[in-house]
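Chemist: Below you will find the structure I want to go over with you.
The values are calculated or read from the model by the stated rules, or taken from the named source; none is laboratory data. Since we're looking at a predicted model, the values are computed, not measured. Note that we place each Cβ from the backbone using ideal geometry, even for glycine, and neighbour counts take in every protein chain shown. These accessible areas exclude ligands, DNA and RNA; they are computed on the full protein's heavy atoms, side chains included. Shrake-Rupley method; radii C 1.70, N 1.55, O 1.52, S 1.80 Å.
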Amino acid sequence: MSMSTLKTPVMNNIAKRCYASKSAAALSIKGPQVQTKKLPNNSLVVAVPDYPTNIGRVSVTFLAGSRYEDPENAGISHLVRSSAGLSTELSSTFSIVRNLGHLGTNYYVTSDRETITYTIEAHKDNLVSSLKYFIDSISNQSFKPWELSDNMKRVQYELLTIPPELRVLDLAHKAAYRNALGNTVFLPKYNAKKLGTEHLLYYVKKNFNAQNTIISSVGVDVDTLVHISEDLNLPTGNANQTPKTKYYGGDVRKSKALDATYLAVVGEGVSYKDSQSASYAVLQYLLGKGSSVKWGVGQGVLEQSILKANSSDNFAVSAVNYNYSDSGLFGFLLAYNGKDIGNVLKTAVQSLRSPTVTETEVNRAKKQLIFSLVSASESSTGVLENITQQAVTTGQVIPFEKLIAAVEAVTVEDVKKAAGKVAGSKLSLAGYGNVATTPYLDNL
């Protein structure tokens, strides 16, 4: 029986070098026109100015995610993100919040393993006025000690409300990479009181420079983004460079007083730049990303194989496909509420290592992937996330038509080749929750 507890947003976009030639007749779906420009200060601006919306959305992204942290400042990118909107050298927190609220503006910050992204959303009539406070909160951060102390309660609340699915995926990265991409995206408890004003100011000064910046927008033209870059007045600095992430593979688990067991099994995947990234994306949908219908049963190979194993307990399973600038992870996320976790896990691992790859299954997966890409393009928020992610990882944005063509061009042999690489990869296992009876990798 299927369990609808697994709704982790692990969808990834396809990027550079994952496209192939396709006849113009096959490209029945047209995407928005994307404009890109490399500025003299080496910042990259990407814009979709003609998207049909009255809301202007602007993102300023820095290559300053958790992979750039050191063991001594683990979790600092989480603190930087949660400190957005605090008092700056020119404005108080009250001034920023009050004025942006008066203008009807949304302001939020997201972070992941590679980036920290500041995003503003406002009606086009109010966007220019809102940018004053948006730019100030990025380029003039002060991290006053008393405000950081007050903000720590909010950080602690965030840590307490992290879903177990995200916790186990975080552990899976640790098991797979150990450091760099294996660094946690959450603030460890041992650093909660250790990291202060000086640490944050140094991290921002080191990573928030023009070389590490991508400015993107939907409903706003390139010229406006150029002015934003000038007003940010970011230092030149050096581009962030880390050694190519090495995949190790391992077993990490954390026991918690939960009824359910959350497991992530992953092998080495591909980066965004890899020519096989489209094949891996299709393979993800072939294995299944859960049900497309609420409370329904998924059609993916993973879920069907577990159902055929006659499991009597509730479960949910979804394939995961993480693509980064220089590496990737591919596998599945499993939530299980029962005692027979060993057999269910072995069944899922067997399906991952030798999935049923037929023309029918591949065509289904391709249709589902294309539908996901098209659905994301219907939202200006989805378009902004897509172009930003591509610009961050590849330095350019692939036209939407070529993304669709890339999926259409994937063959059964391409998917079998991707599945073969996953099968030959050393697996990593992460467990969270009730892991007492969870088998180890050498027993699978």
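Chemist: Would you confirm, using the coordinates I've provided, whether GLU401 is closer than 30 Å to ALA64 by Cβ, part of a helix (DSSP H, G or I) and either modelled with pLDDT under 90 or open to solvent by 10 Å² or more (accessible area, probe 1.4 Å) (or both)?
Modeler: no
Chemist: Open to solvent by less than 20 Å² (accessible area, probe 1.4 Å) and either part of a helix (DSSP H, G or I) or of a type in the set (Ser, Thr, Tyr) (or both): which single residue out of ASP150, ASP136 fits that description?
Modeler: That would be ASP136, the only listed residue that is open to solvent by less than 20 Å² (accessible area, probe 1.4 Å) and either part of a helix (DSSP H, G or I) or of a type in the set (Ser, Thr, Tyr) (or both).
Chemist: For THR388, state whether it is touching a Lys or Arg at 6+ places or on another chain (Cβ under 9 Å) and within 22 Å of ILE120 (Cβ to Cβ).
Modeler: no
Chemist: Another question about this same structure. How many residues does region 341-364 contain that are more than 18 Å from ASP442 (Cα to Cα) and open to solvent by 60 Å² or more (accessible area, probe 1.4 Å)?
Modeler: 4
Chemist: Out of all the residues in region 209-225, is one or more outside any helix (DSSP H, G or I), among the small types (Gly, Ala, Ser) and either on the phi > 0 side of the Ramachandran plot or outside the structural domain of SER139 (by the TED database) (or both)?
Modeler: Yes, there is a match, as at least one residue in region 209-225 is outside any helix (DSSP H, G or I), among the small types (Gly, Ala, Ser) and either on the phi > 0 side of the Ramachandran plot or outside the structural domain of SER139 (by the TED database) (or both).
Listed here are the residues, each with its yes/no results for (1) of a type outside the set (A, V, I, L, M, F, W, C); (2) at pLDDT below 95; (3) in a loop (DSSP other than H, G, I, E, B).
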residue: SER77; (1), (2), (3): yes, no, no
residue: GLY85; (1), (2), (3): yes, yes, yes
residue: ILE96; (1), (2), (3): no, no, no
residue: ASN99; (1), (2), (3): yes, no, no
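Chemist: For region 83-127, what are the residues that are more than 21 Å from GLU385 (Cα to Cα), open to solvent by less than 20 Å² (accessible area, probe 1.4 Å) and among the aliphatic types (A, V, I, L, M)?
Modeler: Correct list: ILE96, LEU100.
Chemist: If I ask for residues that are over 23 Å from ASP251 (Cβ atoms) and either within 14 Å of the chain's Cα centre (by Cα) or hydrophobic (A, V, I, L, M, F, W, C) (or both), which ones from region 155-191 would you list?
Modeler: Matches in region 155-191: VAL155, LEU159, LEU160, LEU187.
Chemist: Could I ask something else about it? So LEU369 fits all but one of (1) surrounded by fewer than 18 Cβ atoms within 10 Å (Cβ to Cβ); (2) under 24 Å from the mean Cα position of the chain (by Cα); (3) assigned to a helix (DSSP H, G or I); what number is the exception?
Modeler: (1)
Chemist: Restricting to region 230-251, what's the tally of residues that are at pLDDT 90 or above and either open to solvent by less than 40 Å² (accessible area, probe 1.4 Å) or of a type in the set (Gly, Ala, Ser) (or both)?
Modeler: Matching residues across region 230-251 total 5.
Chemist: Which of the residues belonging to region 410-427 are open to solvent by 30 Å² or more (accessible area, probe 1.4 Å), over 19 Å from ASP326 (Cα atoms) and not in a helix (DSSP H, G or I)?
Modeler: The answer is THR411, and nothing else.
Chemist: Checking ALA319 against (1) over 19 Å from VAL168 (Cα atoms); (2) open to solvent by less than 50 Å² (accessible area, probe 1.4 Å); (3) under 18 Å from the mean Cα position of the chain (by Cα), which single condition isn't satisfied?
Modeler: Failing condition for ALA319: (1).
Chemist: If I filter region 377-397 down to residues being β-branched (Val, Ile, Thr) and at pLDDT below 90, which single residue comes out as surrounded by the fewest Cβ atoms within 10 Å (Cβ to Cβ)?
Modeler: Filtering first and then ranking leaves THR394.
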